[in-house]
Amino acid sequence: VALLVLSGSAVAGGLPFYAILALPVLFAAGMSLFDMLDGCFMNFAYDWAFSRPVRKVYYNLTITGLSVFVALFIGAVETFGLLGQESGLHGAFWRFVGGFDLNTAGFVIVGVFVLTWVVALLVWRFADIERRWDAGLRAAED
């Protein structure tokens with residue numbers, strides 16, 4: 001929507017058509033760049049995760065836990081916001097929830113994604129999960 005408003009105001013300002021088209025083209029280029037980076041990251045993550053069974057379980061647990069948190073977070077924000085608005089509840093908590101912007105929620109979710117990946121990588125690296133689980137699996141097979 002903001003892109004359309006900016007393009008519309010540029011038309012009203014008398015800019016030439018090629019200058020007006022520059023913003024959508026730059027937007028598309030930026031989206032393509034980030035989509036390509038996401039694809040590269042996910043390709044690396046899938047190659048790493050599916051090379052060994054223990055990694056696959058760890059990866060799936062991490063992604064599932066992250067997805068559950070995001071779903072509960074968005075659900076709680078929406079539910080509390082609606083509850084406070086429709087019930088006319090007052091107080092600091094209800095003012096905070098009522099004024100909580102979903103754009104802010106998006107930034108919180110991105111931060112949680114980054115934090116989750118950093119913590120998951122540190123736990124994987126320093127807890128030596130792969131070696132411990134492989135040893136446990138080999139002991140169970142014997």
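The values are calculated or read from the model by the stated rules, or taken from the named source; none is laboratory data. Every value quoted in this text rests on a predicted model; they were computed, and no experiment measured them. Neighbour counts are summed over all protein chains in view; Cβ atoms, including those assigned to glycine, are modelled from backbone coordinates with ideal geometry. Ligands, DNA and RNA are excluded from the accessible area calculation, which covers all protein heavy atoms including side chains. Shrake-Rupley method; radii C 1.70, N 1.55, O 1.52, S 1.80 Å.
Among 105, 127, 93, whose Cα sits farthest toward the positive end of the charge dipole of the chain (+1 at Cβ of Lys/Arg, -1 at Cβ of Asp/Glu, about the Cα centre)?
127
When the Karplus curve 6.51 cos²θ - 1.76 cosθ + 1.60 is applied with θ = phi - 60°, which whole-Hz ³J(HN,Hα) does each residue of segment 63-74 get, with x for Gly and Pro?
Per-residue couplings from phi come out as 5, 5, x, 5, 5, 5, 4, 4, 4, 5, 5, 5 Hz.
Treating the beta-carbon of each Lys and Arg as +1 and of each Asp and Glu as -1, no other charges, what is the dipole magnitude of the chain about its Cα centre, to the nearest 20 debye?
Dipole of the chain, to the nearest 20 debye: 220 debye.
So what are the ³J(HN,Hα) numbers for segment 96-102, from phi and the Karplus equation (6.51, -1.76, 1.60; θ = phi - 60°), rounded to whole Hz, Gly and Pro as x?
Per residue, the Karplus-derived 3J(HN,Hα) values read 4, 5, x, x, 6, 8, 5 Hz.
Assigning unit charges at the beta carbon (Lys, Arg +1; Asp, Glu -1) and nothing else, what dipole magnitude in debye, to the nearest 20, does segment 102-142 show about its Cα centre?
The dipole magnitude comes to about 200 debye.
Select one label from (i) 42, 28, 10; (ii) 47, 17, 14; (iii) 35, 18, 15: the one whose number is semi-axes √(5λ) of the Cα gyration tensor in Å as derived from the coordinates shown.
Here semi-axes √(5λ) of the Cα gyration tensor in Å agrees with entry (i).
In the chain, if the dipole is taken from +1 on Lys/Arg beta carbons and -1 on Asp/Glu beta carbons about the Cα centre, which of 54, 136, 39 is farthest to the positive end?
136
In whole percent, and with a 1.4 Å probe on the protein chains, what portion of the accessible area of segment 1-130 is carbon and sulfur?
74
Between the helical axis of 129-141 and the dominant principal axis of the chain, each derived from Cα atoms, what acute angle in degrees is found, rounded to the nearest 10?
Helix 129-141 sits roughly 40 degrees off the main axis of the chain.
Output the relative contact order of the chain, whole-number percent, from Cα pairs under 8 angstrom with separation of 6+ residues. Provide the component values of the computation, followed by the final result.
Numbers: 41 pairs, mean separation 23.7, N = 142.
It comes to 17 percent, rounded to a whole number.
Among residues other than residue 98 whose Cβ falls under 12 Å from its Cβ, what is the net charge (Lys/Arg +1, Asp/Glu -1)?
Values: positive: 95; negative: 78, 86, 101.
For residues surrounding residue 98, the net value is -2.
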